[in-house]
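These notes are about the structure you will find just below.
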């Protein structure tokens with residue numbers, strides 16, 4: 001009898017050990033949309049105990065940091081203590097005060113339960129990405145243009161699945177900088193955005209796949225950095241891929257339930273949250289793809305891993321986006337517009353349908369809801385990743401040119417979709433690629449020609465030319481973003497002014513195209529040479545072929561006051577010499593007074609630099625009484641410009657992160673340009689300070 005009782009107890013103990021387990025479910029969190037460098041802020045994170053053990057501090061249960069695991073980015077330690085014991089089935093909310101990093105970069109915020117010394121367990125919290133921008137708010141960001149349903153729009157699918165040695169590595173067409181340059185960094189995305197803009201493309205369809213989110217945030221931040229310089233970048237539109245997304249998540253969305261709808265629309269919500277985290281400015285809404293102020297969404301093959309998709313309504317999508325963003329971003333108070341595939345099933349409320357990654361054709365059209373959409377594919381070659389795979393030959397670009405000719409000879413076409421800009425493995429992208437080699441693996445023995453002219457930019461140029469005929473934009477256009485042409489000068493004075501101009505036309509600007517900034521010939525008094533040229537060795541013109549649509553050009557021009565005193569009305573504008581003046585005009589009355597004996601360019605305000613000498617890995621602070629339109633420029637000893645800041649309003653100080661701008665040891669000159677005056681000071685940088 002005694003042995004029987006012992007065996008029974010042993011059996012119960014063994015089963016308790018087997019059944020007792022740690023598990024948790026992430027319930028919710030409340031976090032800010034954006035944070036500033038060094039800012040302290042509060043968050044709350046709620047988890048549910050879905051295991052069979054009680055969480056107690058005495059048993060080493062904690063909340064731990066993730067992404068990366070055990071990081072101390074936000075807290076001095078990587079653990080948060082339990083506020084109380086948590087029984088199975090109960091929830092616990094952690095209220096945490098965090099401090100944002102001070103260094104510029106992209107940082108993830110994520111949590112998971114842990115029993116220290118035993119295991120991490122359960123779900124992770126939803127990862128939130130924060131972009132820490134150490135620069136001041138003084139930028140040249142501008143309002144973006146807007147589309148209507150009747151607009152002629154050129155778009156392309158845009159993928160974020162790139163990293164060094166990750167995903168998409170087996171394409172036949174190697175980028176001009178090598179596949180290793182496609183590393184998902186901010187610098188990579190800036191290069192890729194420039195290629196898209198050089199092609200006169202209006203909209204990015206950015207694929208939504210969960211494991212690629214950090215790369216996508218880097219892309220959003222690259223957009224922000226270009227916009228801060230005054231660029232009018234293409235719009236962004238979320239493009240949900242249910243096949244890859246739900247395969248990775250091992251999940252089926254079910255549109256017959258509110259939970260399933262929440263999960264599905266949650267992917268779009270997360271996309272926009274990440275976009276706004278990197279673009280928190282007042283003009284951010286202008287760079288979301290809208291038609292008549294309605295946000296546009298895209299989705300691929302809804303029949304894959306989405307159950308009961310016919311039960312999802314437009315209102316289901318709109319109300320969720322409105323709840324998430326409507327109070328701060330009014331565009332989401334309007335109903336959404338939805339783009340679906342043309343061949344596969346579509347939502348009942350689809351507004352446009354296109355043959356997106358579902359047909360092997362160079363050009364195929366779909367008319368839906370009164371909108372005729374033309375899908376263009378330059379070629380396709382996936383035999384490096386599939387056996388036997390498929391090949392749709394490029395033949396040097398001839399088919400792509402023919403497709404664009406057909407588009408522009410058909411007045412019924414409303415939309416042009418380039419199937420992919422940077423799809424790599426399947427060989428359908430139009431990025432700039434090497435023409436001297438074709439990469440093959442396995443039994444792939446086929447061949448093809450990227451460009452009949454051996455031009456890496458073959459498809460970008462063809463798209464730019466075709467889009468210029470198709471879109472609703474003039475050939476020549478210009479917007480003055482900023483200038484500091486003076487109001488007052490003394491007779492004979494020379495003032496170095498800056499004029500920042502945005503190309504708003506389809507034609508790229510270059511000296512070769514005879515594009516210039518000029519003072520009108522009809523002005524009775526000349527304030528200089530009247531013509532200010534573009535240097536084709538600068539502004540990456542040798543790489544991209546010119547200052548393309550959406551890019552800014554900064555002209556540094558010498559304004560020379562006449563020897564005659566008086567008030568003179570001047571006009572400054574872009575021109576194509578011998579063809580036309582175009583775009584915005586600066587009309588400036590310049591009052592010229594007699595020289596008073598003051599030193600030329602003597603400056604009124606003073607400024608200080610601290611510390612100097614400065615450590616190359618630190619920040620410097622520049623103090624002074626700065627006015628709107630004042631400029632700080634830092635040159636190295638060889639006269640190369642390293643840093644520039646234009647003040648949009650009055651300010652008394654600002655900081656510069658030296659490591660970001662690749663300063664090196666040595667002597668630098670800091671110049672303050674204020675109204676008609678210039679002051680220069682020396683700054684010394686050393687490694688060991």
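Each value in this text was obtained by applying a stated rule to the coordinates, not by laboratory testing. Predicted, not measured: the structure shown is a model, and the values here were computed from it. Cβ sites come from the backbone with ideal geometry, for glycine too, and all protein chains shown count toward neighbours.
Summary table below
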read-out: Ascending count of other beta-carbon atoms within 10 Å, so fewest first, for 521, 286, 298, 536; value: 521, 536, 286, 298
read-out: Kirkwood-based shape ratio for segment 478-593, expressed as Rg/Rh from alpha carbons; value: 0.99
read-out: Segment 449-496-segment 26-105 distance, computed between alpha-carbon centres (Å); value: 49 Å
read-out: Degrees separating the helix 213-228 axis from the principal Cα axis of the chain, which is the longest one; value: 20 degrees
read-out: Sequence-separation-based contact order of segment 141-250, relative, with Cα cut under 8 Å and 6+ spacing, percent; value: 35 percent
read-out: P(r) weight above 15 Å for segment 607-686, C-alpha pairs, percent; value: 52 percent
read-out: √(5λ) per eigenvalue of the Cα gyration tensor, the chain, largest first, Å; value: 50, 36, 23
read-out: Separation of the residue 93 and residue 27 label points, Cα + 7 Å toward Cβ, nm; value: 0.8 nm
read-out: MRE, 222 nm, helices only [DSSP H, n ≥ 4, -39500 (n - 2.57), over the chain, to nearest 500]; value: -5500 deg cm²/dmol
read-out: Residues 529, 319 arranged by fewest to most Cβ contacts within 10 Å; value: 529, 319
read-out: Average Cα contact separation per residue, the chain, under 8 Å, 6 or more apart, as relative contact order %; value: 10 percent
read-out: DSSP-defined beta bridges in the chain - what % are antiparallel, rounded to 5; value: 75 percent
read-out: Shape parameters for segment 153-470, alpha-carbon atoms, Rg then Dmax in Å; value: 18.9, 57
read-out: Angle in degrees between helix 314-325 and the longest Cα principal axis of the chain, rounded to the nearest 10; value: 70 degrees
read-out: Distance between segment 634-660 and segment 302-341 - C-alpha centres, whole angstrom; value: 44 Å
read-out: Share, in percent, of DSSP beta bridges within segment 153-470 that are antiparallel, nearest 5; value: 30 percent
read-out: Cα-based helix-to-principal-axis angle, 398-408 vs the chain, degrees rounded to 10; value: 80 degrees
read-out: Efficiency of FRET from Cβ geometry, residue 621 and residue 667, R₀ 22 Å, rounded to 0.05; value: 0.70
read-out: Exposure proxy ranking, count of Cβ atoms within 10 Å, fewest first, for 249, 225, 208; value: 249, 225, 208
read-out: Gyration tensor (Cα) of segment 101-258, equivalent ellipsoid semi-axes in angstrom; value: 30, 22, 19
